[in-house]
1. If I model a spin label at T41 and N55 as a point 7 Å from the Cα along the Cα→Cβ vector, what separation in nanometres do I get?
2. Residue by residue through segment 29-37, what is 3J(HN,Hα) from phi via Karplus (6.51 cos²θ - 1.76 cosθ + 1.60, θ = phi - 60°)? Round to whole Hz and write x for glycine and proline.
3. With labels modelled as points extended 7 Å from the Cα through the Cβ direction, what inter-label distance (nm, one decimal) is found for Y26 paired with W10?
4. On alpha carbon coordinates alone, what is the Rg over Rh value for segment 1-69, Rh being the Kirkwood radius?
Amino acid sequence: MQNFKEHLPWLVPLLISVLVGGVQIYGLIDRVNAIEENTRTRGDAAISQLQQVDNRVSRIEEFCCGEIKGYEKYIEGN
């Protein structure tokens with residue numbers, strides 16, 4: 001027990017440093033996870049918007065190409 005008391009003056013700051021470092025690392029890991037989730041959510045939203053735009057462009061292409069084919073048939077018929 002006497003040996004433990006001799007090392008106590010430098011052991012306590014070391015333990016406090018380890019504890020504070022552990023809390024800071026846990027906080028950083030938590031922040032990284034929150035940022036990752038936020039980025040994933042934004043990425044999913046961007047993908048969804050791109051899919052909506054792609055669907056709209058596809059419908060416009062179908063409409064325009066259908067009109068051109070109809071016009072070509074009309075011209076060939078006359």
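Read the figures in this text as sums done on the coordinates, not as results from a lab. Every value quoted in this text rests on a predicted model; they were computed, and no experiment measured them. Cβ atoms come from the backbone with ideal geometry, glycine included; neighbour counts cover every protein chain shown.
1. 2.3
2. The phi angles translate into 4, 5, 5, 4, 5, 5, 5, 4, 5 Hz.
3. Label at Y26, label at W10, 2.8 nm between them.
4. Numbers: Rg = 29.5 Å, Rh = 17.5 Å.
That ratio equals 1.68.
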